[in-house]
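Encoded as structure tokens, the structure appears first; notes follow it.
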Amino acid sequence: MTITKKMIDGKLAFEVFIKVRDKSGKQVASRKRFSSEREAKKAELEMKMNLEGHKTNVTWKAWVEHILERYRVEYRHSTFHNYKHCLNKWFNPVWDEKFLSEIKPSDVHHAIFEGCKETSSYTQRGLLKIVKRVFNLAIEEGVIVRNPAVGIRVRCADANQGVLNRNEVEILLIEARKAEQRFFPHWAFALLTGMRSGELYSLRWSDVDLVTGKISISKAWTKLNGEGATNQKNAEGF
């Protein structure tokens with residue numbers, strides 16, 4: 001399977017070329033052009049399955065490779081790597097060459113609650129969400145007719161997200177100043193404005209209005225994506 005870029009009548013096109021053997025062993029091929037790489041990636045595996053004549057006999061490994069190529073084009077860098085990491089670590093080694101149509105709810109249940117039992121319930125719920133989406137996409141493209149992950153639930157305990165109260169904040173800042181902690185300005189600024197670390201990293205003087213006492217927050221930095229847009233908000237009271 002190959003995808004190549006071509007200029008057709010002055011316009012960029014993405015050509016998918018598939019050459020395989022069908023069920024009888026006869027060599028067959030198909031070639032289609034698309035206006036975007038995203039469309040080409042989506043059609044690539046479906047074209048291959050149609051030529052081979054066994055659309056429902058797609059292995060988990062082949063389907064995940066197809067899905068990850070789609071995610072590489074469609075999603076942010078961090079989202080793509082999160083899906084890739086989770087699928088490669090928790091599901092690919094277990095199901096690998098197993099056909100999608102053969103994976104049962106009990107297989108999904110075992111993978112989540114036994115294979116991932118060393119993780120937290122929140123991680124298990126996130127992994128279940130990812131695998132459900134992988135199966136849903138297979139249904140949308142006609143590869144399978146049912147989602148074996150449907151009906152499985154992960155119960156999570158109520159989150160105990162401890163936060164500092166006003167007295168604890170004062171103690172932290174007083175002691176940090178006494179110790180001449182080099183991160184004191186960062187901690188104070190974060191506590192007084194509620195800004196996240198990525199938002200602090202991306203802050204510029206042009207975002208600060210010293211007259212009104214407002215800070216406009218429109219950017220944030222992450223390790224995988226670098227600097228990008230965030231939900232715009234204002235911080236006050238500095």
Residue within the stretch 202-214 that is within 30 Å of Ala43 (Cα to Cα), exposed (fewer than 14 other Cβ atoms within 10 Å of the Cβ) and either among the hydrophobic types (A, V, I, L, M, F, W, C) or in the same structural domain as Lys84 (by TED's automatic domain parsing) (or both) present: no
Selection within the stretch 158-195 - surrounded by 15 or more Cβ atoms within 10 Å (Cβ to Cβ) and outside any helix (DSSP H, G or I): Met195
Odd one out for Gly151, checked against (1) surrounded by fewer than 16 Cβ atoms within 10 Å (Cβ to Cβ); (2) closer than 30 Å to Lys48 by Cα; (3) not assigned by TED's automatic domain parsing to the domain that holds Tyr71: (2)
Residue among Glu140, Glu168 that is within 30 Å of Met47 (Cβ to Cβ) and either among the charged types (D, E, K, R) or not assigned by TED's automatic domain parsing to the domain that holds Glu44 (or both): Glu140
The stretch 76-105, subset among the hydroxyl-bearing types (Ser, Thr, Tyr) and more than 20 Å from Ile139 (Cα to Cα), residue modelled with the lowest pLDDT: Ser78
Cβ pairs under 6 Å, 6+ apart, first in the stretch 112-130 and on the phi < 0 side of the Ramachandran plot, second in a helix (DSSP H, G or I) and of a type outside the set (Val, Ile, Thr): Ile112/Gln124; Ile112/Leu128; Cys116/Trp90; Cys116/Gln124; Cys116/Leu127; Leu127/Cys86; Leu127/Trp90; Ile130/Cys86
Hey, Lys61 in the same structural domain as Ile130 (by TED's automatic domain parsing), at pLDDT 85 or above and closer than 30 Å to Thr230 by Cα or not: no
Filter pass, Ser101 being surrounded by 14 or more Cβ atoms within 10 Å (Cβ to Cβ), closer than 20 Å to Val145 by Cα, out of contact with any helix residue (DSSP H, G or I) (no Cβ under 8 Å at 6 or more places or on another chain) and among the polar types (S, T, N, Q): yes
Residue selected from the stretch 1-27 under the condition assigned to a loop (DSSP other than H, G, I, E, B) and of a type outside the set (Gly, Ala, Ser), by the criterion surrounded by the fewest Cβ atoms within 10 Å (Cβ to Cβ): Asp9
Index of the failed condition, Lys178 passing every other in (1) under 29 Å from Leu128 (Cα atoms); (2) among the basic types (Lys, Arg); (3) more than 32 Å from the chain's Cα centre (by Cα): (1)
Helices (runs of 4 or more DSSP H) wholly inside the stretch 28-111 that include at least 3 residues being of a type outside the set (Gly, Ala, Ser), within 14 Å of the chain's Cα centre (by Cα) and under 22 Å from Ile130 (Cβ atoms): 60-74, 77-86
Hits in the stretch 114-131 (condition: part of a helix (DSSP H, G or I) and exposed (fewer than 14 other Cβ atoms within 10 Å of the Cβ)): Glu114, Ser121, Tyr122, Lys129
Test result for Arg155, assigned to a loop (DSSP other than H, G, I, E, B) and more than 26 Å from Gly115 (Cα to Cα): no
Selection within the stretch 160-189 - among the aliphatic types (A, V, I, L, M) and modelled with pLDDT under 90: Val163, Leu164
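The values are calculated or read from the model by the stated rules, or taken from the named source; none is laboratory data. Only a predicted model underlies this, so the values are computations on that prediction, with no experimental measurement involved. All Cβ positions, even for glycine, are placed from backbone atoms using ideal geometry, and neighbour counts span all protein chains on display.
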